[in-house]
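Input: a single structure, listed below in structure tokens.
The values are calculated or read from the model by the stated rules, or taken from the named source; none is laboratory data. Bear in mind that the values here come from a model prediction, so they are computed numbers and not experimental data. When we count neighbours, we look across all protein chains shown, and the Cβ atoms used for this are built from the backbone with ideal geometry, even at glycine. These area figures cover heavy atoms from the full protein model, side chains too; ligands, DNA and RNA do not enter into them. Shrake-Rupley method; radii C 1.70, N 1.55, O 1.52, S 1.80 Å.
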Amino acid sequence: MLGSQELTDLCQRLGLSEQAKATIESIPSSPPARRVRSAAGNVSVRYPSRKMGVTIQAESHRNELAGVYEKEHDPETLEYFDQSPPIKPVCRAKNGQQVGVLHTPDYFVIRTDSIGWEEWKTEEELLRLLVKMPNRYVRDEDGRWRCPPVERYAEQFGFYYRVRSSAEIDWILQRNLLFLGDHLHTDSTAVHEKAAEAILTLVTNTPGLGLDELLGLAQGWNSDDVYTLIARDRLYVDLRATPLAEPERVRVFRDKETARAYALITEVSSEAPASCSRGVSLAVGSLVNWDGRHWMIVNSGQTAIALLAKDGTLVELPNVTLEGLIVQGKLVGAIERGQATIRPGSSDVSERAGVNTEARALLLRASPDDFREANRRYATIASHLSGGKTPGTTPTRTVRQWLMTWRQAERTHNCGYVGLLPQTSLRGNRNRKLTEAVLLLLDEFIAKDYETLKQKGKLEVYAALVRACEEQAIT
């Protein structure tokens, strides 16, 4: 729940008036304006909300309850209240008269970027209301349902008003939230830290690992541990993409930024020429699979490619022949195994995209912050890469620099994305400047004067170190 100062800060950031703030403050202290009931076409629900710490009403388990699940697990939703106090917008009736209407929206929602009311209705009901109340309910050019009279009422507070249709419900997300229900709503499924560390290490080293593979590699953990880490956002799975009940289709990443980065790499590689789209990198050191055998590319010339098998067999193929094998699907990118714990058949996304070994190493070393910055850079240059130009606030010189590093990485690594990764860790002179004699003295003073039962102060030990250096004429 938001504290008084947090609410004040949010209202200031959103530019809301004192009247709007007073309206927001009155809602938590007000009981629900009405109790929802079941009827012939719906079954009402009482949902125990962990986010709100109270029971939330949903008028239909097939419609409003989906909205509750959505808000409960949306990090941008800070608070939400059901059946908030009625509002009285002015609507134009069918006969043209202006009429004040008492309206109790389903939910009042406080988000990080906006605040307002939501009304959830089935698509069938909205189609009926479009005929019955054409001045109140409309459908815009994008197919979204709107209620202009109530929107105008909300605007006076700086709030929004949204009509949410059952047609908008993401049923894959709903299915996954139900699947993770026990792991989301109880603390009894805590994961032992050693098991969590082992799982996170495996996923970090194999981005995009299949969920079925992760579950099959269990060593000191079980499926409940994996699903708990997903539910607690310590592992990232796109819950809107694929049902968790189909683990062979689910890809697991350490965080959202990493998943976005590899999605971009896959998207770009799918738009590349045929030799790349089939996951084949022609860079020296890359692995390919040809006729059931693994080969390494040891030379990539202008007219021919040299392949080396594990038994030492060396084969030279003309480029025309090689391209024919790739197009026919007879020569494909091979999976390079760095760990014995990865069973045959598993691979990270970069391997499937045809990225070479050096680029994969750069991707594995990148932090979530590195991926976040690279994703931002890609969003800036994406239109330039496709031949267009989008005006923005980024200096032209900076855009040219990013385009240059992208194209250079495309040539050297078969992956332009790695050229956008920030090289922060390589900046500055990181060589040790202290001499070996000083390091030995440091270790001695730390062991004998500082890390002792009767610990001296830092400044006292440092002063003694300086005196010892002066006595021994050490800088």
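Can you tell me the length gained on complete extension of the stretch Q12 to A218, counting 0.36 nm per residue apart and subtracting the Cα distance? Could you put the intermediate results ahead of the total?
On the way: separation 206, 0.36 × 206 = 74.16 nm, distance 4.91 nm.
Roughly 69.2 nm would be gained on extension.
Label the stretch 171-254 by shape, choosing from rounded, prolate and oblate, from the square roots a ≥ b ≥ c of the eigenvalues of the Cα gyration tensor; if a/c is under 1.5 it is rounded, and otherwise prolate applies when a/b is larger than b/c, oblate when it is not.
Taking the square roots of the gyration eigenvalues as a ≥ b ≥ c, the stretch 171-254 is oblate.
Kindly give Rg over Rh for the stretch 9-87, based on alpha-carbon atoms, with the Kirkwood expression for the hydrodynamic radius.
Taking Rg over the Kirkwood Rh, I get 1.02.
Give me the net charge for the shell around D212: Cβ to Cβ below 10 angstrom, other residues only, Lys and Arg +1, Asp and Glu -1.
In short, -2.
Given the pairs K71/K256; K194/K456; K51/K256; K94/K121; K194/K256; K433/K456, which span a C-alpha to C-alpha distance of over 28 angstrom in this model?
Listed pairs above 28 Å: K194/K456.
Determine the per residue accessible area of the chain with all protein chains present and a 1.4 angstrom probe, expressed in square angstrom.
That works out to 56 Å² for each residue.
Considering only the other residues whose Cβ falls under 15 Å of the Cβ of T412, what net charge follows from Lys and Arg at +1 and Asp and Glu at -1?
With Lys, Arg at +1 and Asp, Glu at -1, the neighbours total +1.
Within the set of other residues whose C-beta is less than 15 Å from the C-beta of K256, count the net charge using Lys and Arg as +1 and Asp and Glu as -1.
-1
Compute the FRET efficiency between E125 and A22 as 1/(1 + (r/R0)^6), taking r as their Cβ-Cβ distance and R0 = 30 Å, and round to the nearest 0.05.
After rounding to 0.05, the efficiency reads 0.35.
Largest first, what is the accessible-area ranking of Y107, Y378 with a 1.4 Å probe?
Final ranking, largest accessible area leading: Y378, Y107.
Tell me the mean residue ellipticity at 222 nm calculated for the chain from its helices only (DSSP H runs of n ≥ 4, each -39500 (n - 2.57), averaged over every residue, nearest 500).
So the helix-based figure for the chain works out to -11500 deg cm²/dmol.
Report the label-to-label distance for D74 and K88 in nanometres (one decimal), using points 7 Å from each Cα along the Cα→Cβ vector.
Label at D74, label at K88, 3.0 nm between them.
Run through the DSSP bridge list for the stretch 46-165 and note the antiparallel percent, rounded to the nearest 5.
75 percent
So, with a 1.4 angstrom probe, what is the percent of accessible area on the chain that is carbon and sulfur?
Working: 13650 of 26640 Å².
Within the chain, the accessible surface is 51 percent carbon and sulfur.
Please give the FRET efficiency for L178 paired with T204, using the beta carbon to beta carbon distance and R0 = 41 Å, rounded to the nearest 0.05.
Working from the Cβ atoms, E equals 0.90.
Can you compute the modelled spin-label distance between E471 and Q423, with each label point 7 Å from Cα toward Cβ, in nm?
Roughly 4.6 nm, to one decimal.
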